[in-house]
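A short worksheet on the structure shown next.
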Amino acid sequence: MGKSKIIHEGIVREVFPDSVTVEMVCRSACAGCHAKGVCGASDESVRLINLPPPPFELLNPGDRVQVELKSSMGLKAVWLSYVIPLAVLMVLILSLSSAGIGELYVGLLSIAGVGVYYLVIYLLRGKLAKQFYFSLKKARD
């Protein structure tokens, strides 16, 4: 069974000897809906990411490219971004509540605990970035 990949389209904005800056348009699930103009719930943002250049392809600004990531890495990102912080929040809420601490302090301490988790993730961003490998290749017409 082959490894599945997450593929996003992008446009090369800058090319450097050791990196390529790619602009990707990230859309929410409803961004493609025909009623998005009326609804207002659609979300679309532009992200610039720096990636290592592909080894055997010459890229120029304006080239359309595909950014690929193994699905397992996407799942890991979901765990780090959403599942673990939710577990931290729930454990803190339940344990502090059972300790008899007032609701206001339980809420504040639980939010602070999640904030500390995200601070640790932020401080480890260099190490985590090395674990997420994106590949880049020219989009074929």
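Based on every Cα atom in the stretch 72-129, Rg and the maximum pairwise Cα distance Dmax equal 13.4, 41 Å.
May I ask you to order 11-18, 120-127, 86-93 by the average number of other C-beta atoms within 10 Å around their residues, highest value first? Please report the intermediate quantities before stating the final value.
Working: 11-18: 12.4, 120-127: 9.8, 86-93: 14.2.
Output ranking for 11-18, 120-127, 86-93: 86-93, 11-18, 120-127.
Counting only protein heavy atoms and a probe of 1.4 Å, the accessible surface of the stretch 59-107 is 71% carbon and sulfur.
Taking amide hydrogens as placed 1.01 Å from N in the peptide plane, the amide H of residue 139 sits under 5 Å from those of 64, 65, 66, each at least 5 positions away in sequence or on another chain. Residues in the stretch 106-119 carry Karplus couplings, in order, of 4, x, 5, 5, 5, 5, 4, x, 5, x, 5, 4, 5, 5 Hz; the curve used is 6.51 cos²θ - 1.76 cosθ + 1.60 with θ = phi - 60°, and Gly or Pro positions show x.
The values are calculated or read from the model by the stated rules, or taken from the named source; none is laboratory data. This one's a predicted model, so the numbers in the text were calculated from it and none came from an experiment. Every residue, glycine as well, gets a Cβ built from its backbone with ideal geometry; the counts of neighbours run over all protein chains shown. Protein only, heavy atoms only, side chains kept; ligands, DNA and RNA dropped before computing areas. Shrake-Rupley method; radii C 1.70, N 1.55, O 1.52, S 1.80 Å.
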